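Asker: Mind looking over this structure? Questions follow.
The values are calculated or read from the model by the stated rules, or taken from the named source; none is laboratory data. Computed from a prediction, not measured in an experiment: that's the story for all the values here. Here the Cβ positions follow ideal geometry from the backbone for every residue, glycine too, while neighbour counts run over all protein chains shown.
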Amino acid sequence: MPREDLVDHIITQWAKERPELDTSGFAVVGRLLILGRVLERRVKATLAGLDLELWAFDVLATLRRQGSPYELASGELSRAVLLSPGAMTNRVDRLEASGLVTRVVDPHDRRGVRVRLTAAGRVLVDRALGLRFDEATAAVESLPDRDRATLVRLLRKLGLALGD
């Protein structure tokens, strides 16, 4: 029999205190929430070696994966990292002050601003990407390839159903 985890313990407690509750959804969601926190801590620890915060990595990586010239309109960038425009402005200000991004006038809309990765930003994010992907691989190494594929399929299905 598999070892029990924290969620099993919580479900056992609720079964005793409130046996009428359906805990089947919590059996999934509770684990996802706990794993999300654990995985986020692991990623933060990995990026800390580069003096890079997770939020900054998200913005830099989003720009990097666009391909040359590694830029997006401000609104596109905020949507891509699921932030409000105001929060994105604050983050871009901080990254720009660090020399990792720059703002450029949109050539198709003079009122628009695009955020572009600088050479220093590209060097940093490229170093971080290798570490980030290595950490992700290490995080799931206890799962055989077949289980990983099943988990990917199920998480995609759940994400799409919830409006991901």
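Asker: Considering only residues of the range 56-76 that are at pLDDT below 95 and in a helix (DSSP H, G or I), which is surrounded by the fewest Cβ atoms within 10 Å (Cβ to Cβ)?
Answerer: Top of the filtered list is 75.
Asker: Just to be sure, is residue 20 outside the structural domain of residue 127 (by TED's automatic domain parsing), free of Cβ contacts under 8 Å to residues at least 60 places away in the same chain and among the acidic types (Asp, Glu)?
Answerer: For residue 20, the condition - outside the structural domain of residue 127 (by TED's automatic domain parsing), free of Cβ contacts under 8 Å to residues at least 60 places away in the same chain and among the acidic types (Asp, Glu) - is met.
Asker: Please pick out the residue among 110, 79 that is within 15 Å of the chain's Cα centre (by Cα) and more than 23 Å from residue 130 (Cα to Cα).
Answerer: Going through 110, 79 in turn, the sole match is 79.
Asker: Please go through the range 21-54 and give me each residue that is of a type in the set (Gly, Ala, Ser), part of a helix (DSSP H, G or I) and either under 17 Å from the mean Cα position of the chain (by Cα) or surrounded by fewer than 13 Cβ atoms within 10 Å (Cβ to Cβ) (or both), ordered by number.
Answerer: 24, 25, 36, 45, 48
Asker: Any residue at all in the range 141-157 that's surrounded by 13 or more Cβ atoms within 10 Å (Cβ to Cβ) and aliphatic (A, V, I, L, M)?
Answerer: no
Asker: Something else now. Given the options 112, 99, name the one that is outside any helix (DSSP H, G or I), within 18 Å of residue 52 (Cβ to Cβ) and of a type outside the set (Phe, Trp, Tyr).
Answerer: Selected residue: 99, the only one of 112, 99 that is outside any helix (DSSP H, G or I), within 18 Å of residue 52 (Cβ to Cβ) and of a type outside the set (Phe, Trp, Tyr).
Asker: I've got another one for you. Which of the residues that make up the range 29-82 are on the phi > 0 side of the Ramachandran plot and in contact (Cβ under 8 Å) with a residue 12 or more places away in the chain?
Answerer: If the condition is that a residue be on the phi > 0 side of the Ramachandran plot and in contact (Cβ under 8 Å) with a residue 12 or more places away in the chain, then 70 is the only one that fits.
Asker: Do we find a residue being assigned to a loop (DSSP other than H, G, I, E, B) and in contact with a Ser or Thr (Cβ under 7 Å, 6 or more places away or on another chain) anywhere in the range 85-95?
Answerer: No: the range 85-95 contains no residue that is assigned to a loop (DSSP other than H, G, I, E, B) and in contact with a Ser or Thr (Cβ under 7 Å, 6 or more places away or on another chain).
Asker: Restricting attention to the range 3-33, which residues are farther than 17 Å from residue 158 by Cβ and either touching an Asp or Glu at 6+ places or on another chain (Cβ under 7 Å) or of a type in the set (A, V, I, L, M) (or both)?
Answerer: 6, 10, 11, 15, 21
Yes/no matrix, rows are residues, columns are (1) at pLDDT 95 or above; (2) surrounded by 15 or more Cβ atoms within 10 Å (Cβ to Cβ); (3) under 22 Å from the mean Cα position of the chain (by Cα):
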position	(1), (2), (3)
83	no, yes, yes
86	no, no, yes
90	no, no, yes
96	yes, yes, yes
116	yes, yes, yes
126	yes, no, yes
159	no, no, yes
